[in-house]
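Down below is the structure, laid out as structure tokens.
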Amino acid sequence: MKAQDREILRLAVPAFFALVSEPLMLLADSAIVGHLGTPQLAALGVAGTILQTLVGVCVFLAYGTTSAVARRIGAGDHRGALAQGIDGLWLALLLGVVLAVAGLLLAPTAIAAFDPSPDVADHAVTYLRISCLGIPSMLLLLAATGVLRGLQDTKTPMVVAISANLANIGLNLLLVYGLDLDIAGSALGTTIAQTAAGVALVVVVVRGARRDGAKLSPDRPGIVASAQASVPLVVRTLTLRVAIVLATFVATDLGTTSVAAHQVAFTLWSFLALALDAIAIAAQALTGRALGAGDVEGTRAITRRMMWWGLVSGFVGGLVLWGLKGIYVPWFTEDPEVRHALAAVLLVAAIWQPVNGVVFVLDGVLIGAGDGPYLAVAGVIALVLYVPLALSVLWFDGGVVALWWAFGGFMLLRLITLLTRERRDAWLVTGAVR
């Protein structure tokens, strides 16, 4: 095995298990809350969607920090790397407090926007308000994870993520059933588990900063610089989420069978995306380090190798998605119409997987290079072209299969914009700071 492959695997494998832990935590919460009753489960779905959106948009705290820290590591400035990481932690804390207060105050309004029944609304507001108390810790967890990835350490976040999952299950069972706290117990248990995970990773980062003599107090210019660098990544993330929401909107308009097939297919698509995202995380860390060291040729070489990994991983993922459908589809539905529609959708989803693999990798490469402004522009271009493509499914009375061809078109548009950038040299900016 090549040295490049070993390094990619060293970073990607632990990153994958850390990424998988998040949906598993949500799955555990759903299983525990589901036994309380349908209103509670529906409430979890509504409140969880809002919470995931708030935290998901802030993923730049991990991505941007990984890039900045990795660059300084590559340049040999370990102390500066930790100082950069501390700035990211302060930004996460400040943003987390703002979002937590906003969530506490606006929870009833946000829940009402989904127009749930009164009993579902009451449970959802309770869950969301308690969960909002943990938002600062969730964002600190993201930022600290980004620091450690930049330091080329994905094992520590993996260990903490797995530990938090186990703690979450135990706390949920204790608080929901042992202390009879209903859905509030689930929110509290998950908040405690996530807070403990955030604190654990922050402690690791702070110890490293102290060891290297990095300043721990807030650095206003550094925090402002981190915030400014994060804006393009926010735009990039929002374009992805809008594209996904639009696909769900179209599927819903196509009818119950179509939206059911779409939901199952997208759940499977999202799980495969975790494996591809793990390679992207390795790309962020390795690209930032190489450019920080001024190694343009090495950056090109590792980019080509990771693109190959993304292509092969996407191809294998597509084969698994299609080849094993007879085994896993019955787990999701017994409706013959949904199964028929789902089989056709899964074939399309499988065909697009190699494209997805390269897109995820190039996304990670350019994030690692600190090329956020281009990613923001590219995301907007792909979204603008995708909107009429998706809506044409309704205009021309297409079905859910046509919708998935359209969504694949969105990924193809992203591939074209990313490959166009990768083929040029503008993103290959070397040095400790871009």
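The values are calculated or read from the model by the stated rules, or taken from the named source; none is laboratory data. All figures in this text were calculated on a predicted structure; none of them were measured in a lab. Cβ coordinates were reconstructed from backbone atoms using ideal geometry, including for glycine residues, and neighbour counts include every protein chain displayed. These accessible areas exclude ligands, DNA and RNA; they are computed on the full protein's heavy atoms, side chains included. Shrake-Rupley method; radii C 1.70, N 1.55, O 1.52, S 1.80 Å.
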Count - residues of segment 392-421 that are more than 18 Å from PHE266 (Cα to Cα), over 25 Å from the mean Cα position of the chain (by Cα) and modelled with pLDDT of 90 or more: 1
Scan segment 103-122 for residues that are of a type in the set (Gly, Ala, Ser) and either surrounded by 15 or more Cβ atoms within 10 Å (Cβ to Cβ) or touching a helix residue (DSSP H, G or I) at 6+ places or on another chain (Cβ under 8 Å) (or both) and jot them down. GLY103, ALA107, ALA110, ALA112, SER117, ALA121
Please state which of the following conditions ALA243 fails to meet, knowing it meets all the rest: (1) outside the structural domain of PRO23 (by the TED database); (2) assigned to a loop (DSSP other than H, G, I, E, B). (2)
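Take ALA382 and decide whether it is in contact (Cβ under 8 Å) with a residue 60 or more places away in the chain and of a type in the set (Gly, Ala, Ser).
Considered against the rule, which asks whether it is in contact (Cβ under 8 Å) with a residue 60 or more places away in the chain and of a type in the set (Gly, Ala, Ser), ALA382 comes out as yes.
Residues checked against (1) crowded, with 22+ Cβ neighbours inside 10 Å; (2) closer than 19 Å to ALA3 by Cα; (3) out of contact with any Gly (no Cβ under 8 Å at 6 or more places or on another chain); (4) in contact (Cβ under 8 Å) with a residue 60 or more places away in the chain:
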{"position": "VAL245", "(1), (2), (3), (4)": "no, no, yes, no"}
{"position": "ALA260", "(1), (2), (3), (4)": "no, no, yes, yes"}
{"position": "ILE281", "(1), (2), (3), (4)": "yes, yes, no, yes"}
{"position": "GLY294", "(1), (2), (3), (4)": "no, no, no, yes"}
Would you point out the residue of segment 262-279, among those that are over 14 Å from the mean Cα position of the chain (by Cα) and open to solvent by less than 10 Å² (accessible area, probe 1.4 Å), that is nearest to PRO14 (Cα to Cα)? ALA265
Considering residues that are modelled with pLDDT under 90 and surrounded by 17 or more Cβ atoms within 10 Å (Cβ to Cβ), the number found within segment 206-216 is 1
When you scan segment 303-323, how many residues do you find that are hydrophobic (A, V, I, L, M, F, W, C) and open to solvent by less than 80 Å² (accessible area, probe 1.4 Å)? 7
Within segment 76-94, does at least one residue satisfy the condition of being in a loop (DSSP other than H, G, I, E, B), over 23 Å from ALA200 (Cβ atoms) and either open to solvent by less than 60 Å² (accessible area, probe 1.4 Å) or of a type outside the set (A, V, I, L, M, F, W, C) (or both)? yes
With the condition kept exactly as written, say whether any residue in segment 250-262 is outside the structural domain of GLY96 (by the TED database), in a loop (DSSP other than H, G, I, E, B) and not polar (S, T, N, Q). yes
Of the residues in segment 70-98, how many are touching a Ser or Thr at 6+ places or on another chain (Cβ under 8 Å) and farther than 23 Å from GLY364 by Cβ? 1
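Name the one entry in VAL401, VAL384, VAL380, VAL361 that is in the same structural domain as LEU233 (by the TED database) and open to solvent by less than 40 Å² (accessible area, probe 1.4 Å).
After applying the criteria, what remains is VAL361.
Across segment 145-191, what is the total count of residues that are hydrophobic (A, V, I, L, M, F, W, C), within 19 Å of VAL20 (Cβ to Cβ) and touching a helix residue (DSSP H, G or I) at 6+ places or on another chain (Cβ under 7 Å)?
Residues meeting the conditions: 8.
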The lone condition PRO336 fails out of (1) closer than 22 Å to ARG421 by Cα; (2) open to solvent by 50 Å² or more (accessible area, probe 1.4 Å) is (1)
For segment 217-235, which positions are open to solvent by less than 60 Å² (accessible area, probe 1.4 Å), touching a residue at least 12 places away in the same chain (Cβ under 8 Å) and out of contact with any Asp or Glu (no Cβ under 8 Å at 6 or more places or on another chain)? ALA227, SER230, PRO232, LEU233, VAL234, VAL235
